[in-house]
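Inspection log for the structure reproduced underneath, given as structure tokens.
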Amino acid sequence: MIRVRNLHKSYRMGSNRLHVLKGIDLDVAAGELVSVMGASGSGKSTLMNILGLLDRFDEGEYLLDGVDMDGLSETKAARFRSRYIGFVFQSFHLIPFKTAAENVALPLYYQGVPRRERNGMAADYLERVGLSDRAQHLPSELSGGQQQRVAIARALVARPKVLLADEPTGALDTGTSREVMEVLQSIQSEGVAVIIITHEHDIADMTDRIVHLVDGRIDWDRPHSRGRGLERDLARPRAALTGAAASGAPA
Amino acid sequence: MFSWDTWQEIWDTVRRNRLRTVLTGFSVAWGIFMLIVLLGSGNGLRHGVEYQFRDDAINSIWVRSGQTSRPYKGLQPGREIQYVNEDYDEVVSRVEGVEYSSARYWLYGSQQVNYGKEWGSFSIRAVHPGHAVLERTKVLQGRFLNALDLREHRKVAVVGTLIADALFHGEPAIGKEIRISGLSFTVIGVFDDDGNDREREMIYLPITTAQRTFGGDNEIQQILYTTGDATLEESENMAESTKRILAENHTFDPDDPRATFINNNVENFQRMASMLDAIRIFVWIVGVGTLLAGVVGVSNIMLVAVRERTREIGVRKALGATPGSIVRLVLQEAVLITTIAGYAGLVLGVVVLEALARAVAEVEVFREPQVDLRVALSATALLVVAGAVAGFFPARRAAAIRPIEALREE
């Protein structure tokens, strides 16, 4: 689904250039549940923005569903986003003056889906995340976990091929985090590639594959069995770097 | 472009930002309102001036004699100048551009007029047929004086409506025999005049008849004529040559300011008209300035709005909104607000003008303040376009928002 080769990205900071991604190679297949870990500044957010077509890359290759994503115009990028990619953010980013149902229906609006159909689909997806009874509530009337579930329903309603979640549980307590993760795990079975950016071991432990970024490069990338804990992964090679990754949690 | 969903989107943002919307709308409505009221008031002044000139022909020149104030060719100052029929004939035939003309021979004071047992005192004006045009006399019954009346020295009279009412009490006036200072005249017409009541208490007689009957000989007091479509300059030339003819006939200094009085309505009207034009230009400048302020206000507020909504726009873009759809979202809101507010200002302005018109109905210098609906509508259309322009820059900025930056956690 996602194929990335030798991806480079740098930002200009005044007169300096900040080289953030220094040659990333990554393949994610449909139906995979991957977590991307790394200390802050390791480039994981930049990687997600590029994968989500919210930002451009300088060098390398990015194929999404076999289509080259290099040098897309804003409008084309928007079209691809709307068809292929769903986003879940740490702070939910629901539109505050729209009800849960309206928020969920919004991506369909940008796809040009007729209103009636849109509302039906929004209701379906709210039901899937267990929030049918909250459809007419404004985000401010929902708990954090509920808001994030609405956000997930919104990310899924357009039937994306890739779901990108940036610290989806960063603002939630452990119990709600688990609920949210369960929802994300359930999507997997529908062939959606789910990529979760996180620095929480518990969260990464609930995924099937962990990609560990250090300083703009992939330090290691290996399959993981859920619930096994991360200690063994982190303890394995490159002792010096794993130490940094393990302690480099919150920013 | 305006689908139900678009309306829904705009309505959502408008509802959420009531204060901002109201302020934006207010600045626009105020701009249009001021423009309408100013333009309407300008028109009111204009109508007022036109009203002042209502009962006389605008393109007319009025000549009246005076007393010399300068010695000329050995003659002492202080001579009374008395015009005669020959002066009138010469002016009419020699001054180029004279259209309708008349002399006036006055019977001083008012004359007793009898009809049966009824009687009253009224003013008499003895004139030529052209006088009807100069005074804008409106004949209601019968006819005005004609050339034949003058040539045959007919003893006929045209009376004002008030006289007809006073003497005949609604009976048909035509053919009635009235006595003016004991002499019998036949009424051939009844007229009305837009001027004051004095004009409606007037009796017009053929100038020839009056001169003979009342011992005027060939004396006249006034010469008046219309200038056709002469320009201001041409009318001034006509006045000047009139003065020269009279000065020559009566041997006085043509530059003597007191020997002859010439009232050039063309000049008066032009002067007023150019003052009005100045007022109108001023009004437009002020109005357009107010409008511009409104436009800048809209632009400003939309910029602020876009800033406020940076994050929301970022989310929308992440959810697949194209830059075009973001531009439309902002633009449509701007256009909608300016349209509705502009229309409200328009209606309010017209209402105020109407109220004003009613309040000043009796004031002569300020009448019928009203605004050309086309002007009002095109001002509103202009404002809508301006609203679109005002919204365009903020919209473009909104479309350029990069979702990553907008969504970055602070």
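The values are calculated or read from the model by the stated rules, or taken from the named source; none is laboratory data. Note that this is a predicted model, so its numbers are computed, not measured. Neighbour counts run over all protein chains shown; Cβ positions are idealised from the backbone, glycine included. In case anyone asks, the SASA skips ligands and DNA or RNA and just uses the protein heavy atoms, side chains included. Shrake-Rupley method; radii C 1.70, N 1.55, O 1.52, S 1.80 Å.
Residues in region B:193-214 that are surrounded by 15 or more Cβ atoms within 10 Å (Cβ to Cβ) and in contact with a helix residue (DSSP H, G or I) (Cβ under 9 Å, 6 or more places away or on another chain): 12 in all.
Restricting A:E167, A:E179, A:E200, A:E190 to residues that are at pLDDT below 90, open to solvent by less than 30 Å² (accessible area, probe 1.4 Å) and closer than 28 Å to A:L94 by Cβ narrows the list to A:E167. Annotation: B:E405 fulfils all but one of (1) in contact (Cβ under 8 Å) with a residue 12 or more places away in the chain; (2) part of a helix (DSSP H, G or I); (3) open to solvent by 10 Å² or more (accessible area, probe 1.4 Å); (4) away from every other protein chain (no Cβ under 14 Å); the unmet one is (4). Just one of the listed residues (A:T242, A:T207) is open to solvent by less than 30 Å² (accessible area, probe 1.4 Å), among the polar types (S, T, N, Q), modelled with pLDDT of 90 or more and out of contact with any Pro (no Cβ under 9 Å at 6 or more places or on another chain), and it is A:T207. Would you please name the residue that is most open to solvent (accessible area, probe 1.4 Å), looking only at residues in region B:83-100 that are in a loop (DSSP other than H, G, I, E, B) and either touching a Pro at 6+ places or on another chain (Cβ under 9 Å) or closer than 15 Å to B:I245 by Cβ (or both)? It comes out as B:E96. Might you check whether a residue that is of a type in the set (D, E) and more than 14 Å from chain A (Cβ to nearest Cβ) occurs anywhere in region B:40-50? Checking region B:40-50: at least one residue is of a type in the set (D, E) and more than 14 Å from chain A (Cβ to nearest Cβ).
The rows are residues; the columns are (1) part of a helix (DSSP H, G or I); (2) touching a strand residue (DSSP E or B) at 6+ places or on another chain (Cβ under 6 Å); (3) at pLDDT 85 or above; (4) open to solvent by 80 Å² or more (accessible area, probe 1.4 Å).
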position	(1), (2), (3), (4)
B:L329	yes, no, no, no
B:L336	yes, no, no, no
B:L348	yes, no, yes, yes
B:V351	yes, no, yes, yes
B:V371	no, no, no, no
B:T380	yes, no, no, no
B:V384	yes, no, no, no
B:I401	no, no, no, no
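If only residues of region A:78-117 that are within 21 Å of A:T46 (Cα to Cα) and more than 9 Å from chain B (Cβ to nearest Cβ) are counted, the one that is least open to solvent (accessible area, probe 1.4 Å) is A:V88. When restricted to residues that are hydroxyl-bearing (S, T, Y) and modelled with pLDDT of 85 or more, region B:30-50 contains 0. If only residues of region B:215-237 that are over 14 Å from B:F269 (Cβ atoms) and among the β-branched types (V, I, T) are counted, the one that is surrounded by the most Cβ atoms within 10 Å (Cβ to Cβ) is B:I223. The residue of region B:127-140 that is farthest from B:A210 (Cα to Cα), among those that are crowded, with 21+ Cβ neighbours inside 10 Å and among the aliphatic types (A, V, I, L, M), is B:L134.
Considering (1) open to solvent by 60 Å² or more (accessible area, probe 1.4 Å); (2) without any contact (Cβ under 8 Å) to a residue 24 or more places away in the chain, the lone condition that A:T174 does not fulfil carries the number (2).
Could you list, in sequence order, all residues of region B:5-57 that are within 37 Å of the chain's Cα centre (by Cα), open to solvent by 40 Å² or more (accessible area, probe 1.4 Å) and of a type in the set (S, T, N, Q)? Scanning region B:5-57 gives a single hit, B:Q52.
Against the criterion of being more than 8 Å from chain A (Cβ to nearest Cβ), of a type in the set (D, E) and either touching a residue at least 60 places away in the same chain (Cβ under 8 Å) or buried (at least 18 other Cβ atoms within 10 Å of the Cβ) (or both), B:E312 does not qualify.
Yes or no, residue by residue, for (1) in a strand (DSSP E or B); (2) touching a helix residue (DSSP H, G or I) at 6+ places or on another chain (Cβ under 8 Å); (3) within 15 Å of A:S45 (Cα to Cα):
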{"position": "A:E182", "(1), (2), (3)": "no, no, no"}
{"position": "A:I195", "(1), (2), (3)": "yes, yes, yes"}
{"position": "A:D202", "(1), (2), (3)": "no, yes, no"}
{"position": "A:I210", "(1), (2), (3)": "yes, yes, no"}
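B:Y51 passes every criterion in (1) hydroxyl-bearing (S, T, Y); (2) within 21 Å of B:Q222 (Cα to Cα); (3) outside any loop (DSSP other than H, G, I, E, B) apart from (2).
Across region B:1-32, the qualifying residues are those that are charged (D, E, K, R) and in contact (Cβ under 8 Å) with a residue 40 or more places away in the chain, and the one among them that is nearest to B:V295 (Cα to Cα) is B:R20.
Taken over region B:141-188, residues that are open to solvent by 40 Å² or more (accessible area, probe 1.4 Å), within 23 Å of B:G216 (Cα to Cα) and of a type in the set (A, V, I, L, M) amount to 3. Each residue in region A:4-55 was checked for being modelled with pLDDT under 90, open to solvent by 50 Å² or more (accessible area, probe 1.4 Å) and not charged (D, E, K, R), and 9 pass. Screening the candidates B:F185, B:F144, B:F168, B:F122 for the property of being under 26 Å from B:V266 (Cβ atoms) and at pLDDT 90 or above yields one hit, B:F144.
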